[in-house]
Amino acid sequence: MSAEDADSIAIGEPLMELTDLHRTFMMGDEEVRALRGVNFTITKGEYVCIIGPSGSGKSTMMYVLGCLDTPSQGSYRLAGYEVAELDDPELAALRNRYIGFVFQAFNLIPRTTTVDNVALPLRYAGVGVRERRKRAEEALTRVGLGHRLDHTPDRLSGGERQRVAIARAIVTKPELLLCDEPTGNLDSRVGAEITKLFEDLNSELGVTVVIVTHDPNLAKRAKRNIKLVDGQVVYDGPPQEGR
Amino acid sequence: MFEHILSAFLALKANKIRAALTMLGVVIGVLAVTLLVGVGDGARIYLDEQISGLGTNLMTIVPGRRETRGFGPPAGNTARPLVMEDVEALERQGSLLRGISPMVMGGGAVRYKGRTRDTMVLGVGPAFSDLRNMHVERGSFVRSEDVDSRRRVCVLGRTIVKELFGDENPLGQTVRLADGRFRVVGLMEERGTSLGFDLNDLVFIPVTSAMDLFNQDHLSQVLASARSKEDAPAAAEEIEQILARRRNGEKTFTIQSQDDLLKTFGALTAAMTLMLLAIASISLVVGGIGIMNIMLVSVRERTREIGVRRAVGATKSDILWQFLLESVVISSTGGAVGLGLGASIVLLLKRFAPSVPVALSPWIAAVAFGSSFVVGVFSGVVPARRAAELDPVDALRYE
Ligand SMILES: Nc1ncnc2c1ncn2[C@@H]1O[C@H](COP(=O)(O)OP(=O)(O)O)[C@@H](O)[C@H]1O
Ligand SMILES: [Mg+2]
């Protein structure tokens, strides 16, 4: 799997294709069918929110889309790769090259400076130390934290931490930004700033943004909403008012 | 790889106190290895020096056949003693010998003006002095004429002089040895102890006079030395032939070389060093278990971090190496510290307490450091595998 393959995906081309996708967990003897027969396609450059009530399978979906988990049945193709067919190092490379994650709890590595946190994905991409620092500084500047390079996470506010996490997600210039409740731990003002940042990144860098969220303010600003209920897609289209 | 090592150091730096505590076990273990092996090695070197100090290329001929191999009764042991004629034959026919001295050993009381000391009496020939590297300070040693004429003369060791004469000059005085009267003709120079035996507490008399004194016609043993180290095996062979010829080909005597002695003691000290090493290894194992525990805790605490690393592109083996190297770095650093401490203690002892036999040989350093490395690998494997096998989704969800 080489990096060049990725560059061939143009705006509007399919980036993620899900066909009759199932994810079933075994809880003792009991089957928990978290996703049951999901179909959709997300093209490069889209800005999508996945919504739905608690327990509907949103997180499960996010882990499958992020190649951290694999479907039990059906097909998930990311950038042309059939994810179920890849082994651990291939999946790791795929995540590293194509996906940037943003989590609800930020998930920065403690006692590690901002710039080192952001540079982490580049290390697994085999980028040299100097180049890493340079690109990490660029990414931090892009999210408005160029002045917080050598702070450790415990000295940053929640909004700043999430910006660092976003810088870490975009530092590899991924095709896909995959976010799990990115505003869930932030107050509404800071949440709005972060929302704005996603929109800017989407329009300026052309990066595909997929956000799993409860937050109606976040969902209604997306161009497309996919609603899950009981592991199935019940709505797929532009945001609906009052729903 | 270098990357991983670097970040392992950074991880330790991030949590200094824990790293230090984790290291402590290995520090102590390696310190114990260094010190205990240092003592074992010191003992070996001490014994080597002592044995070499007995003289150069020394051989001891004792009566009787000593079987060194196998069991069973000694074959044809007629226990034919060693006698003066044997020594004369060796003196005449031996071409590879530098010196030879008969010896008769016995105990006895030395008396002078009502003072008495029980001591060891050695009947020797004139060559003994050079053979055993023990010389007179004043007067003369036992001479050939003394031996030939069975003269009643003696040479006293330092301790005897001090005990019997105090400040008086013993030369020319007469002492009583058992029921004989002996004139003092020489005083030995100061000698230390050898293998726990006080070399100053001796009286030397001509071997012939000793046979008279102890009323015996055979020798206790015969000392000989080869002309050179290279000649030593051939010299032993020659002695064997000469003596066997005088016994109708029967070997009713045994030749012990200094090499044999060195080998015997060498095996002994090697066993001791190994035992000390085994004891010290136990503390190293304990240190390793400590590292393993802390690493397991660390893996649990850093579960989220592991999830994040996997999410941003780390493979299982990246995680495995990360934790394995962290363990090795902790352990090796602990090893280096322990080695440093141990070496300092050994060097301080050598400097300020030179009588304590300790040594610091390069192989201890290699063993100490190498073992801390191995301990790091072993105690890191289980935690590192656990970390690598974590499911990334579970790791990210971990609270
Ligand atoms: N690892 C798992 N093992 C068993 N059941 C799971 C696991 N992950 C999720 N589930 C179940 O799958 C369903 C969907 O969960 P989830 O994807 O977390 O929903 P959401 O994020 O929308 O709240 C739930 O019933 C949940 O209990
Ligand atoms: Mg959820």
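The values are calculated or read from the model by the stated rules, or taken from the named source; none is laboratory data. Only a predicted model underlies this, so the values are computations on that prediction, with no experimental measurement involved. As a convention, Cβ positions derive from the backbone with ideal geometry for all residues, glycine included, and neighbour counts pool all protein chains shown. Ligands, DNA and RNA are stripped out before the accessible areas are found, and what is left, the full protein with its side chains, is counted by its heavy atoms. Shrake-Rupley method; radii C 1.70, N 1.55, O 1.52, S 1.80 Å.
Between rounded, prolate and oblate, where does the range B:102-223 land on the alpha carbon gyration tensor, with a ≥ b ≥ c its root eigenvalues, rounded for a/c under 1.5, else prolate if a/b exceeds b/c? The shape class here is rounded. Taking every alpha-carbon pair in the protein assembly as shown and binning the separations at 10 Å intervals from zero gives 3, 13, 16, 13, 9, 7, 7, 7, 7, 8, 6, 3, 1, 0 percent. Projected onto its three principal axes, the C-alpha set of the range A:1-139 covers 50, 37, 29 Å, listed from the longest axis down. Which lysines, on any chain, are close to residue A:134 with Cα under 26 Å apart, when same-chain ones fewer than 8 places away are left out? Straight-line reach from residue A:134, under 26 Å: A:173, A:196, B:13. Average accessible surface for the range B:1-40: 50 Å² per residue, computed with a 1.4 Å probe over protein heavy atoms with every protein chain in place. Counting every alpha-carbon pair across the range B:141-190, the share separated by more than 18 Å comes to 28%. Average accessible surface for the range A:84-140: 41 Å² per residue, computed with a 1.4 Å probe over protein heavy atoms with every protein chain in place.
Roughly what angle does helix B:316-352 make with the longest principal axis of chain B, taking Cα atoms, 0 to 90 degrees, to the nearest 10? Tilt of helix B:316-352: around 30 degrees. Accessible area buried by the pairing of B and A, both sides summed with a 1.4 Å probe, works out to roughly 2100 Å². Interface burial in the range A:109-133, defined as at least 40 Å² less accessible area with all protein chains than with the chain alone at a 1.4 Å probe, covers A:109, A:111, A:123, A:124. To the nearest ten degrees, helix A:129-142 and the longest principal axis of the Cα atoms of chain A are 70 degrees apart. Among beta bridges identified by DSSP and lying wholly in the protein assembly as shown, the antiparallel ones come to about 70 percent. Here the Debye sum runs over all C-alpha atoms of the range B:303-367 as equal scatterers in vacuum, and log10 of I(q)/I(0) at q = 0.16, 0.26, 0.27 Å⁻¹ comes out as -0.66, -1.05, -1.08.
Tally up the carbon and sulfur contribution to the accessible surface of the protein assembly as shown as a whole percent, 1.4 Å probe, everything protein left in place. Each step should come with its number before you reach the end.
Values: 16370 of 29850 Å².
Carbon-and-sulfur percentage of accessible area, whole number: 55.
Over the range A:3-237, the reciprocal of the mean inverse Cα-Cα separation, the Kirkwood hydrodynamic radius, stands at 18.1 Å.
So if I average 1/r over every pair of distinct C-alpha atoms in the range A:106-243 and take the inverse, what Kirkwood radius in Å does that give?
Numbers: mean 1/r = 0.0629 Å⁻¹.
Evaluated over the range A:106-243, this radius sits at 15.9 Å.
Computed from the Kirkwood radius of its Cα pairs, the Stokes-Einstein diffusion coefficient for the range B:174-233 at 20 °C and 1.002 mPa s stands at 146 µm²/s. Percent of Cα pairs in chain B per distance bin of 20 Å, from zero to the largest separation: 22, 33, 22, 17, 6, 0. Computed packing ranks the peptides A:176-184, B:54-62, A:12-20 as A:176-184, B:54-62, A:12-20, most packed first, by mean other Cβ atoms within 10 Å. Helix A:188-205 and the longest principal axis of the Cα set of chain A meet at an angle near 90°.
Only DSSP H runs of four or more residues enter the estimate; each adds -39500 (n - 2.57), and after division by the residues of the protein assembly as shown the mean residue ellipticity at 222 nm equals -15500 deg cm²/dmol. Rounded to whole Å, give me the distance from the Cα center of the range A:91-155 to that of the range B:244-320. If you average the Cα positions of each part, the centres end up 43 Å apart.
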